[in-house]
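Here is the structure we will look at.
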Amino acid sequence: MSQYSTAQRNHLWASDLINLLSGLGVEHLVACSGSRSAPLAIQAEQQSTIKLHTHIDERGAGFYALGLAKASQAPVAVIVTSGSAVANLLPAVVEAHQTQQPLILLTADRPAELINCGANQAIDQTEIFGSFASAHHLPPPDELTTEKQATLLNELAEQLPKQLSLGPVHLNIPFREPLYLSREEQKDLDQSVGKKSHSSASKTASKALCETAVSLLPNWPSQASKPGIIIAGALQPDEAIAVVAFARQLGWPILADLQSHCRHSELAASHFDLWLANTEAQQALAKAEVRLQFGARLTSKRLLNWLSEYPISSDYLIHSAPHPMDFQRRGAIEVTAGISEWATSHGEIQRGSELNREKLSGKNAQHPVQATVEAWEIRAKSLFAKSSFANSLPTPKPTPELKPENQSSALTELTSCALVYQFACETTKLAANDEANRETNHEEHGEPPIHLMVGNSMPIRLMEMLATPNDKNTSSFTPNIVTNRGASGIDGLLATAVGVATHKSTPTILLLGDMSLLHDLNSLTLLARHRGPMAVVVLNNGGGNIFKMLPVPKRQSTALFEQPVAFELAPICHGFGLTYCQPSTSEQLFSALSETMQGDQPRVIEVITPSGEGVEQMKQLIKDIQELTTHV
């Protein structure tokens, strides 16, 4: 490469790296502005196989890329300049690492002679992400011979697919000035850059794990003959299909986390997060002699407490994470395997067993654990019917108009969460019944009819307790539930949701709290640019109400923990050119959601409720269920 100038070498190296990303299956790349990263950004813009996105804020850009990775199930790249810009990626990198999402971080850097000597915007970027990313610190391109460059590219093409299956990869790339090409230098490079292509990189990085043979559980047919229960944690939709089919073969009930995509099944227990607060219910559920948990990161603390307080010997945790996931040390037998493959292989054995043939012929009595689940479902539903907010719980009709029956009911946090989930389910069911949409949108492109992203803190807890389809098992189509539950932070939620929605402009709803929105206001720029149906539902309860659920000293609660912020969201949205509304009834919220999903512009929907109201309603529900007995 001695015939090229430093600027040309910078751009040739950048072009080679961008071509490498294309060969790895990267479809989306998010770039932030910066001079040191100019060669990377300019070459990315010229790569025809990768769609380039931009954002003004590196922290938001990281989460935006994370959302794109979640939706596309493929690696997504981010380009940032040197210095604190790199550090701003850390929150998104932590979240991606915790859930094995494939992000590629292209961070421009100063050369070694400018580090730790007072040079501007120069920090030590080596190991800046620590154990949260696989790191490759590359030499400056003007130090690379043609042979060395080819060797590095081949090594990266070989190593990156496996590393991306475990989570983020960091490529730190120093560039010496000059960073921009003159007109003459650009002309000299046009042909050589246009002809370069490193397509030998295998497009396997989007796979969660390398394929391995599934080991069958010892004495599985015998285990399957016992009363058992399935716990479904965070699962991908294809994994959920396999788990539900497996549960049906066994006839076992499912305690399905909101993130599991299993709540549509007739075997999924409704409102278990509520009725597991009852000691009698916990004891009755402990009749299960076998527990199979698929996936981890359970939301319900009551379910987690039950799992640890009622240990059994046949307790299995099946997941694909590269490290242990039994953080409770409850003694579960961890099985690292592909969840779909595990459920399918054990289901094939079950189909051939004598026990299964008896079940299919109706010879077996009702499953004792299923009977317990159904009994407590009835009690929980009865409790809801008698609760103080029952009149405001929406009951949507499965019609194209999607209008709730209780049209004038006032909104609360609880009813807003229930309504948003029911709207997503009804929208999904309508799409599933549309043959043309099923063929073009789901089977061909693999896209769900709607994404529903649920924010952390109060929204996810309310959803976990309340969210259940009105009509189970009407369709295998369910809303694609998206969460950031790896590190469970409240930052970057809006940026993640816009990334999810951007992949194929799929209709998307984000439900989050007011404090979460304040953490990510910069990402309103992303939302304002988005084209496609997207609703951002903000539950404004005047601060961090989650702390009202905790034994926080009252004197310090407001100032140190809840930290309410007085702000007006309407003018903020109008300043970004965003459509805004503030519904006060179920009908108005349902109409706002329906109008947004039928349009092509995003909308911010703010639901304002009194501080502490939702917490008090939750506490009352828990108190009421705790006092229930089977003799009442």
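The values are calculated or read from the model by the stated rules, or taken from the named source; none is laboratory data. Here the structure is a predicted model, which means the values were calculated and not measured. Cβ coordinates were reconstructed from backbone atoms using ideal geometry, including for glycine residues, and neighbour counts include every protein chain displayed. Protein only, heavy atoms only, side chains kept; ligands, DNA and RNA dropped before computing areas. Shrake-Rupley method; radii C 1.70, N 1.55, O 1.52, S 1.80 Å.
Observations on the structure shown:
- Portion, in percent, of the accessible area of the stretch 520-632 that falls on carbon or sulfur, probe 1.4 Å: 54
- Between the stretch 23-99 and the stretch 162-183, the alpha-carbon centres lie 11 Å apart.
- Available extension along the chain between Ala385 and Ala371 is 2.9 nm, counting 0.36 nm per residue and deducting the alpha carbon span.
- Ser33 versus Glu568: modelled label distance in nm, points set 7 Å from Cα along the beta carbon direction: 2.9
- Counting only DSSP beta bridges with both residues in the chain, the antiparallel share comes to about 5 percent.
- Relative contact order of the chain, taken over Cα pairs closer than 8 Å and 6 or more residues apart, is 13 percent.
- Global geometry of the stretch 225-332, whether rounded, prolate or oblate, following the gyration tensor of its Cα atoms and the 1.5 cut on a/c: rounded
- C-alpha long axis of helix 413-432 to longest principal axis of the chain, angle in °: 80
- Inter-site label distance for Thr146 and Ser215 at 7 Å from Cα along Cβ, in nm: 5.0
- Highest average packing first - 486-493, 552-559, 318-325, 462-469, Cβ atoms within 10 Å: 462-469, 486-493, 318-325, 552-559
- Extension gain, Asn120 back to Gln46 (0.36 nm per residue minus Cα-Cα distance, nm): 23.7 nm
- Between Glu177 and Gln582, the FRET efficiency estimated from the beta carbon spacing at R0 = 35 angstrom works out to 0.10.
- Computed from the C-beta positions of Thr344 and Leu304, the FRET efficiency with R₀ = 30 Å rounds to 0.65.
- Shape of the chain, Cα gyration tensor, a/c cut at 1.5: prolate
- Calculated from backbone phi, Karplus (6.51, -1.76, 1.60) coupling profile of the stretch 15-26 in Hz, x at Gly/Pro: 5, 4, 5, 5, 4, 4, 4, 4, x, 7, x, 5
- Computed lengthening from Arg529 to Leu560, 0.36 nm per intervening residue step minus Cα-Cα distance: 7.6 nm
- Under 5 Å, built H, 5+ apart or other chain: amide partners of His170: Leu105, Ser134, Ala135, His136
- Each of Arg9, Arg379, Arg531, Arg183 has its accessible area taken with a 1.4 Å probe; listed largest first, they run Arg183, Arg531, Arg379, Arg9.
- Structure-based [θ]222 nm, the chain - -39500 (n - 2.57) summed over DSSP H runs of at least 4, per residue, nearest 500: -12000 deg cm²/dmol
- Highest mean packing comes first when the peptides 154-167, 269-282 are listed by Cβ atoms within 10 Å, giving 269-282, 154-167.
- Taking only protein heavy atoms and a 1.4 Å probe, the accessible area of the stretch 64-166 is 50% carbon and sulfur.
- Helix 183-195 and the long axis of the chain differ in direction by around 50°, with both axes built from C-alpha atoms.
- For the chain, the longest principal axis of the C-alpha atoms and the axis of helix 368-386 are separated by about 90°.
- Each of the peptides 67-75, 82-90, 29-37, 560-568 was scored by the mean count of other Cβ atoms within 10 Å over its residues; in descending order, highest first, they stand as 67-75, 29-37, 82-90, 560-568.
- Once the 1.4 Å probe is applied to the protein heavy atoms, the chain comes out at 40 Å² accessible per residue.
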